[in-house]
Structure formats: C-alpha cells, structure tokens
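Each remark here refers to the structure printed beneath this line.
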Amino acid sequence: MSSPVLIPQSPCLTIHEFFQKSYGVPDFQRGYAWKEEHVKALLDDIREFLQMGSPIYLLGQVIVAYASNDDDYILVDGQQRTTTLLLLLIVLHKRFLQIPNIHMNVGLNFMASKLGALTMRASGGVNLRASVTVSEDGVAIIEALIQGKEILHVRSWTQENIMNAYTTINDYFDEYWSDIGTIPDLYSKIVNRIYIVRLELPNIEMAVDTFEKINNRGLGLSSSDLIKNIIFQLVNDDDYQEQVSTNWSKTSEILYGCRTSRLRNIEYPDC
C-alpha cells in the first residue's frame, strides 16, 4: 500500500492487532535464522509474563515500510521475532482445534476461526497466504504448516530453521502448556496482552536508514548474509533484482546440500 503519511508512525499494538496486516521480507534480507535457544528465550519471556500476572507485556519494536505490492508492510527489522510469533500462532491454532467437541461450541469455534485468520491474509482479495512472507524460500514451509500438509523435503537453512523452530514450540507446549482445556485462556492472554511497537516509515530507504541508526541488537550476520546484503545493494533494476534473488536461492540450496561446513557457510574465498 502507498504511504498515507510522510512522517513516522509508531502504534503500540497487541499481537491480535499486529497480525491484522501482512508483512513481506525484502529480498536483501537473510532468511529465518533463529535457533532453538532464541525461540526458547522468547517463549520463556512469554511464560514468565503469564506466570507473573502482569496486565501487559511489551515485546519490543519492529521497523516497517509501507509496501507497494500485495503486502501491507515491508518488514525491515524484526523478521526473526515476527516469524517466530507466526509459528507460535500456528501451533496455538492447531492445539485449539484439539479441544474436544469444539465444533459444537459456538464461542470456542469462533475464537478458533479468529486465531486461524491471524496466520493467513487475503492476497489480491482472493487467495490466502501466510501473514508473513518469509525471506528466501520460507513461505512454502510456513504455508504447508498452516495447511497441515506433509513436508517431504527441506532444501535450505531457512526451511530447516523454520522446521526446527516449529518443533521447539510444539515441544514447549508439551512441557508447559499441555492441558488442552487451558488453550482458550492462553490464546486470549497472548494475543490481547502482549504488545509490539510497529515503527512505520514512508519508504524502505527511510526504514533501512532508521534501522542502521537505531542499531538494534540481534543475531549477528554470517559471512553469506553480508555477501547477500552487498549484492542486493548493488542491484538497482527491479527485474534484474528478481533474477539475482532466484539465483541466490539456487545457490543457497546447493550449498545447503554440501556436507563440508566450509562450503556451507561461504566463509572461505578459496571455495
């Protein structure tokens, strides 16, 4: 969507409000990179908040720019956290549907429908797709998880990390939130009492510049991430950028299949 304002906006939104919009990750971003420890740290924070009984929990800030395509926003900073939250909502929705006789309970059935709607957004007014268009080839895995499809092949680091995060969240539920009867209350607290600040910039250039100035802490970029970032910064033509993006995805898939860590990490120029 085109920018309605020329100055930054910073609404503080519940998770329910935040996922009323769709988010696309730009091509120059790395893929989903969080490991088990990062996912568990986020879940531990949420569980601690729930145990303390605090009225609200501020999860932090993401930086977005207004999009010109089917997405509502371009996600410049916060991809890892936003994607993990989406995975959390997917797991929560699947657990919700396990409530006995849920389809006979109008109230619970309505809540489950609202939760499911947070994970998928309309595209072009017709097709549904994941609320977060994950960088590289993560979208196919995310949408397969939402739709309950069997995932036969994992072809990249992004896909592997998404699958591992999904498994970690499921395991976390089994350990701490296994009682299906508590799922509706858990859902209500997570989506209505956890807040995110969405810093909205008029365009991607301003958003990237703001991100660099704020210099948020996060998972450090690998050598391949840095190479990718440089390449995409040097490509100005939109059509050519799409070709570069396709070629990079093919390269990532080939390297992912390598058994030599030196090759997989693209850290050595003699490879």
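The values are calculated or read from the model by the stated rules, or taken from the named source; none is laboratory data. A quick note: this is a predicted structure, and the numbers were derived from the prediction, not measured. Heads up, the Cβs are rebuilt from the backbone with ideal geometry, glycines too, and the neighbour counts pull from every protein chain shown.
Structure above, values below:
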| read-out | value |
| --- | --- |
| Residue match in the range 146-154 (condition: of a type in the set (A, V, I, L, M, F, W, C), assigned by TED's automatic domain parsing to the domain that holds Thr84, over 14 Å from Leu85 (Cα atoms) and surrounded by 18 or more Cβ atoms within 10 Å (Cβ to Cβ)) | no |
| Candidate set: the range 131-145, residues that are modelled with pLDDT of 90 or more and either touching a helix residue (DSSP H, G or I) at 6+ places or on another chain (Cβ under 8 Å) or not assigned by TED's automatic domain parsing to the domain that holds Leu75 (or both); chosen: the one surrounded by the fewest Cβ atoms within 10 Å (Cβ to Cβ) | Leu145 |
| Among the residues listed as Leu42, Leu75, the single one being among the aliphatic types (A, V, I, L, M) and farther than 15 Å from Arg198 by Cα | Leu42 |
| Residue within the range 111-124 that is under 18 Å from the mean Cα position of the chain (by Cα), under 15 Å from Val191 (Cβ atoms) and among the hydroxyl-bearing types (Ser, Thr, Tyr) present | yes |
| Unmet criterion (only one of (1) out of contact with any helix residue (DSSP H, G or I) (no Cβ under 9 Å at 6 or more places or on another chain); (2) closer than 19 Å to Ile214 by Cβ) for Asp70 | (2) |
| Members of the range 181-204 found to be under 18 Å from Gln61 (Cβ atoms) and either assigned to a strand (DSSP E or B) or at pLDDT 95 or above (or both), listed by number | Arg193, Ile194, Tyr195, Ile196, Val197, Arg198, Leu199, Glu200, Leu201 |
